[in-house]
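K.L.:
Before I ask anything, let me first share the structure, which is written out below as structure tokens.
The values are calculated or read from the model by the stated rules, or taken from the named source; none is laboratory data. Note that the structure is predicted; figures quoted are calculated from it, not measured. Glycine gets a Cβ as well: all are built from the backbone with ideal geometry, and neighbour counts include every protein chain shown.
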Amino acid sequence: MTPRIPLLASALALAFAACSQSPAPTQTAATPPAAPAPAEAAPTTAPDAATSVDPRPSPGASTPAVVSDCATTITSNDAMQYSADLIGVPAGCTTFTIHLEHVGTLPVGAMGHNVVIARQADMGAIAADGMTAAPDHLKAGDSRVIAHSAMIGGGGATSVSFDVARIRDGGPYAFFCSFPGHLALMQGRLQVE
Ligand code: ZN
């Protein structure tokens, strides 16, 4: 039985050799047209996908209040926040009014909010001097205060009006809450535009 195996193997080898020789010329002829294929794979790595992710509002972006008829309404809450940090006063206005609503639930003694109008540079000193002056938390007769509303608690509302001529020059001006500790979060720019 064993002597037949080499014979079969050689017979198969001849058969494979015959088969592999005949297709060989057609394979070499077919390869040149297929060569450009690897070049098409390169553009699939899209470089513009990474650049389109970046555009988003920056953390320092302003939230302007909606102004109409020389007045605006802003809200405040139990998280020590105003709803806007920029109030643009139309240059044509003589008097401007800011309405303040407190949409929280905490009482005025714990989470009081008001609106004080002053030069931005005076905010810190005004708040510091009014620290112990409850309930308005403003020093009596503070000449640096251009105007201010009442101090309100959750569910309350108040308003303050002021002469626009007072904030046309010598700014920048600001609005802020003088309740102790609130100035850092509750302040915004007030500008004639
Ligand atoms: Zn406040």
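K.L.:
So GLY112 fits all but one of (1) within 15 Å of the ligand (Cβ to nearest atom); (2) touching a Pro at 6+ places or on another chain (Cβ under 9 Å); (3) farther than 26 Å from PRO64 by Cα; what number is the exception?
P.N.:
Unmet condition: (3).
K.L.:
I'm trying to understand the selection: among the residues of region 129-150, which are away from the ligand (no atom under 13 Å from the Cβ) and touching a Leu at 6+ places or on another chain (Cβ under 9 Å)?
P.N.:
Across region 129-150, the qualifying residues are ASP129, VAL145.
K.L.:
Criterion first (within 30 Å of the chain's Cα centre (by Cα), within 12 Å of the ligand (Cβ to nearest atom), assigned to a loop (DSSP other than H, G, I, E, B) and closer than 17 Å to ALA65 by Cβ) does LEU185 satisfy it?
P.N.:
So LEU185 passes the test.
K.L.:
In addition: Take GLN191 and decide whether it is within 19 Å of LEU86 (Cβ to Cβ) and in contact with a Gly (Cβ under 7 Å, 6 or more places away or on another chain).
P.N.:
Here the answer is yes, as GLN191 does meet what is asked.
K.L.:
Hey, does region 130-149 have a residue that's among the β-branched types (Val, Ile, Thr) and in contact (Cβ under 8 Å) with a residue 40 or more places away in the chain?
P.N.:
The answer is no, given that none of the residues of region 130-149 is among the β-branched types (Val, Ile, Thr) and in contact (Cβ under 8 Å) with a residue 40 or more places away in the chain.
K.L.:
Next question, about the same structure. I need the full set of residues from region 151-172 which are within 16 Å of the ligand (Cβ to nearest atom), surrounded by fewer than 19 Cβ atoms within 10 Å (Cβ to Cβ) and closer than 28 Å to ALA91 by Cβ, in order please.
P.N.:
ALA157, THR158, SER159
K.L.:
Is there a residue in region 83-103 that is at pLDDT 95 or above, assigned to a strand (DSSP E or B) and acidic (Asp, Glu)?
P.N.:
yes
K.L.:
LEU190 fails exactly one of the following numbered conditions: (1) loosely packed, with under 15 Cβ neighbours inside 10 Å; (2) touching a residue at least 24 places away in the same chain (Cβ under 8 Å). What is the number of that condition?
P.N.:
Condition not satisfied by LEU190: (1).
K.L.:
Do we have any residue at all in region 166-186 that's touching a Pro at 6+ places or on another chain (Cβ under 6 Å) and not small (Gly, Ala, Ser)?
P.N.:
No.
K.L.:
What's the number of the condition PHE175 fails, among (1) more than 13 Å from the ligand (Cβ to nearest atom); (2) assigned to a strand (DSSP E or B); (3) not aliphatic (A, V, I, L, M)?
P.N.:
With respect to (1) more than 13 Å from the ligand (Cβ to nearest atom); (2) assigned to a strand (DSSP E or B); (3) not aliphatic (A, V, I, L, M), PHE175 is out only on (1).
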